[in-house]
Amino acid sequence: MTAYRLIYMVIATTIPITCVAGPAPLAATPPMGWNSWNHFHCTVSDPIIRAQADAMVTSGLKAVGFRYINIDDCWEGKRDATGYIHPNEKFPDMKALADYVHSKGLKLGIYSSPGPKTCDNYEGSYGHERQDAETYAAWGIDYLKYDWCSARDVYRPEQYPAAFRKMHDALVRAGRPIVFSIHGRGVVWEWAASVGANLWRTTGDIADNYDRMIAIGFGQNGLERFAGSGHWNDPDMLEIGNGGMREEESQMHMSLWCLLAAPLIAGNDLTKTSRKDLAILANPEVIAIDQDAMAIQGRRISEEGPSEVWMKPLADGSRAVGLFNREQGIIDVRVRFSDIGLGKTAKVRDLWQRKERGVFHDSFSAEVPPHSVVLVKIK
């Protein structure tokens, strides 16, 4: 035996080898937070953002995992002579605002575009990606929503991925961990993760009505293979609490987004959230489906007429299952255990009722009212 091998054997048998896990990726689970656009549009301001941060804490949303307070479009002012962006008069001190949000144990997000102008014709980041990334890092920004809009005027379709990669690389060089949320064009999901995006829009804009919500939500089937820890399909923000949907429709909305492992970004006025809407947004058992460590997006198991069954596998070996009725009239909706990879006998818990349904054999079924869901955990 050579001296080299002898030394190696002594070291290998006397020194314990410890595997140290690396840092968790940004957006290891789908981001949870709030965005100004759905409710406030261009009336957003520093006082509004502070009030939403306060309400996220006092409402209990922070306690169940909501963290990001995201400013959408209309915050931008002009660039100075050197090209650095400044906020407009509605945001007199962005660093102070970030410090305030951070003092609440929350994170602050901001908005821009890879084009010369944003969707509402404010200053975009085209040609200023490095400067903007440096500015966001200096302010203490934690999340960037990067929206295509006027970029179509300066980029050809084959250049779309490179336009987003340019900002991702600038964010990395700026040295602050910033979640990168993009809204591109075309089959974004096929290349978004490769250019550094943590989440990417898969649809046009949502609206505060049932028809648009289900068109977007149920249209996500087939995209599940592109989602995983650190990179998520994004079917747009939640409309819960904005008044356009009934309670049962809002439960459908939340259930479907959680089964999809979608980002949970509220879009209402958090200072005026009703108890019913808060109960939907803050149900910890439903949120746990979205935030499950297995990081798998759910998929459609069956569809018959207006009824659909969706399933999401969970880290503890159980399955989250949504029994949906899209149309009018009460429908009996059934899931067979063999179709979701379980044995003949399983225990069922209702996640909205937060109670056990009992032990069932071969299948579980429920009478589902119109525009409603029964969301269960089956183990």
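Couple of notes before you dig in:
- Residue ID - surrounded by the most Cβ atoms within 10 Å (Cβ to Cβ), chosen from residues in the stretch 207-257 that are among the hydroxyl-bearing types (Ser, Thr, Tyr) and more than 21 Å from Pro313 (Cβ to Cβ): Ser250
- Condition check for Ser250: touching a Phe, Trp or Tyr at 6+ places or on another chain (Cβ under 9 Å) and in a helix (DSSP H, G or I): no
- Some residue of the stretch 117-135 being under 28 Å from Leu61 (Cα atoms) and either in contact (Cβ under 8 Å) with a residue 24 or more places away in the chain or among the hydrophobic types (A, V, I, L, M, F, W, C) (or both): no
- Residues of the stretch 349-365 satisfying the condition of being surrounded by fewer than 20 Cβ atoms within 10 Å (Cβ to Cβ) and not charged (D, E, K, R): Trp352, Gln353, Gly358, Val359, Phe360, His361, Ser363, Ser365
- When residues of the stretch 51-89 are limited to those that are touching a helix residue (DSSP H, G or I) at 6+ places or on another chain (Cβ under 7 Å) and aromatic (Phe, Trp, Tyr), the one surrounded by the fewest Cβ atoms within 10 Å (Cβ to Cβ): Tyr84
- Any chance Ile340 is touching a strand residue (DSSP E or B) at 6+ places or on another chain (Cβ under 7 Å) and under 25 Å from Asp211 (Cα atoms): no
- In the stretch 350-379, the residues that are in the same structural domain as Lys312 (by TED's automatic domain parsing) and of a type in the set (S, T, N, Q) reach residues that are in a strand (DSSP E or B) and at pLDDT 95 or above with C-beta atoms within less than 7 angstrom, at least six apart or across chains, in these pairs: Ser363/Arg334; Ser363/Val335; Ser363/Arg336; Ser365/Asp332; Ser365/Val333; Ser365/Arg334; Ser372/Asn325.
- Residue count for the stretch 254-302 under the criterion of being assigned to a helix (DSSP H, G or I) and within 23 Å of Gly230 (Cα to Cα): the result is 14.
- Residue in the stretch 332-341 that is in contact with a Pro (Cβ under 9 Å, 6 or more places away or on another chain), surrounded by 12 or more Cβ atoms within 10 Å (Cβ to Cβ) and modelled with pLDDT of 95 or more present: yes
The values are calculated or read from the model by the stated rules, or taken from the named source; none is laboratory data. Please read all numbers here as calculations on a predicted model, not as lab measurements. Heads up, the Cβs are rebuilt from the backbone with ideal geometry, glycines too, and the neighbour counts pull from every protein chain shown.
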